[in-house]
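As structure tokens, the structure follows; a few thoughts come after it.
The values are calculated or read from the model by the stated rules, or taken from the named source; none is laboratory data. Since the model is a prediction, treat every value here as computed from it, not as a measurement. Cβ placement follows ideal geometry from the backbone for every residue including glycine, while neighbour counts extend to all protein chains displayed. Surface accessibility is based on the protein's heavy atoms, side chains included, excluding ligands, DNA and RNA. Shrake-Rupley method; radii C 1.70, N 1.55, O 1.52, S 1.80 Å.
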Amino acid sequence: MFPVDGLILVGAVLMLFAVASSKFSARLGLPVLVIFIGLGILAGSEGIGGIEFENYALANGIGTVALALILFDGGLRTSTGALRIAWKPALALATIGVAITSLVTGLAAAWVLGIPLLEGVLLGSIVGSTDAAAVFSVLRGKGARLSERLGSLLEVESGSNDPMAIFLTVGILEILLGRIEPGLPLLGFFVLQMSVGAVTGLVVGHLGLNANNRINLDAAGLYPVMMAAVGFLAYGVAASLGGSGFLAVYVAGIVLGNGRIVFQRGILLFTDGMAWLAQIVMFTVLGLLVFPSRLLEVAPAGLYIAAILILVARPVAAAGLLPFFGLNAREIALVAWVGLRGAVPIILATYPLLVGLPDGRLLFNVVFFVVLVSAVTQGWSLPRVATWLGLKRPAEPEPPVTLEITSLRHLTGDIVDYLVVERAKAAGRLIRELSLPDGAVIAMVTRGQEIIPPRGSLKLLPGDHAFFVLRPEVRRLVDRVFTAGGGGPDESLPAVEFPLSARTRVADLVEFYGIDVDAAGESTLEQLIRQRVGDADIVIGTTVDLGSVRLRVREMSAEGMEVVGLQLLV
């Protein structure tokens, strides 16, 4: 057997074990990274596998590629809505918060380990950021569903705070090696990293979006490959220009994920699978690097440093920053606890070894131990802490089926799955009573394990899933019918024209969409226009202003008006 044959066999066995063990990790409440690292340790030179692996440069390279994939997938799934909700507190935690955490942890590490202060702060910087892969896996699991505000804050922070930790780690290493001076040169390095990374991500993301939608590939499988290449391009260009490649790949993913791209579902499935593969490979390789006997040697010091990090440094950063953004004490406490460390600190811990720092091996072993303690304690306890603080939300029932369209060309429509919640205006109503806008059609309703044809006489019940085929411009109206509360006064509709059936009543506008028209409630839109204009003068394009609302005839037939456009003027 050739060496590569044995490598393929061992790799396949490890991946199958990793996939199977992910089920057990969910039941045990442990993050998958703990399981994957455990497999690597078992396969290592001091485990049952006996694989000797101590190539830190190779592990660093594998970890960098894997982390780029994970961040790209995380960016694709980060909505602009989440960014609008959370970007300010997330940015504060991702920069100032990381610096505070690094400094407090570093001071403790220098005292406990008896190393120079700057090396202690180096260790604090290495463990200063939360890990995107760990946080994504825990928050998107079934056991830790949080409010949209908190979930968005933690995900955006974990996806954007790696550049700060990398900057601090590399900057302090450069100071230790005498290559850069503290002060303005270090500040310039920070500005270069962040600005180049962000701008590169935006530019490459938009270029990739346009290329994906215009290239018209014949093979559907090439679209996901091209998107992965765009992500790596963002990383490579930013890194070659002296910027943060990790920030660039995350920003590029956000741009692509929030654009209308061809073959979007296929791309998301591909990147999700690649992100899982990246986690398995990355954590298993990192597990191969560690020697359990060496971890035992640093365990006492590692426990003390982990306790300072988890119980002091992260809470100090959260409590010092988040009150300025309106978070209450319970929310701050949860954010302080969700500081999972993962692959990034272990990858960064190889940097001192690669540059030949005398205490590099000690730092690596301590960091590895701290990451394991953080992942086990915080990852396992997160659902329980969220419940104890009253911040855990009940899991929404998943639809028993999915409905999707695969197309290699742009379609002027979306497929949206709405869960009918108790407070939604659609709950308890017949489908024919919903007064849905033109361009919104219910394609399927599921109730439990049953598929129900969407007839007009069907009453929608809480817990049902209504699958819509709709035009993008009417989605905001349909959202108001199916979301709890139906949209509040702070959720204003955009100043665009919504197509509605001419037989829609004024009372329906008020009841379902919160649009108040100064007219009799039983009047239809067609009747309002005819009352104001007269039958003889009505043509397509005829408009009528009713206070803050403008009505325009969009479609007519021999029977009369069919579609009326409604636009809010204020």
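Worth a mention:
- Potential lengthening of the chain between Glu450 and His206 amounts to 83.7 nm, from the contour at 0.36 nm per residue minus the alpha-carbon distance.
- Where the chain is the region considered: accessible area per residue in Å², 1.4 Å probe: 44 Å²
- Nearest 10 degrees, 0 to 90: helix 162-176 Cα axis against the chain principal axis: 30 degrees
- The chain, accessible surface, carbon-and-sulfur percent (1.4 angstrom probe): 63 percent
- Taking Cα atoms only, the orientation of helix 360-374 departs from the longest principal axis of the chain by about 40 degrees.
- Taking label positions 7 Å along the Cα-Cβ direction at both Asp479 and Glu148, the computed distance is 0.7 nm, reported to one decimal.
- Using alpha-carbon coordinates, inclination of helix 245-257 to the longest axis of the chain, degrees: 20 degrees
- The slack between Ala12 and Val355, meaning 0.36 nm per residue of separation minus the straight C-alpha distance, is 120.2 nm.
- With R₀ fixed at 22 Å, the C-beta to C-beta distance from Glu522 to Leu430 puts the FRET efficiency at about 0.75.
- Pairs of Cα atoms farther than 24 Å apart, segment 173-271, %: 33 percent
- Distance (nanometres) between label positions extended 7 Å along Cα→Cβ at Val4 and Val199: 4.2 nm
- Fully extending the segment from Leu117 to Asp218, taken as 0.36 nm per residue of separation minus the present Cα-Cα distance, adds 30.5 nm.
- Net charge, Ala43 excluded, C-beta distance under 14 Å - Lys, Arg +1, Asp, Glu -1: -3
- Nitroxide proxy distance, nm - points 7 Å out along Cα→Cβ at Ile48 and Thr377: 3.0 nm
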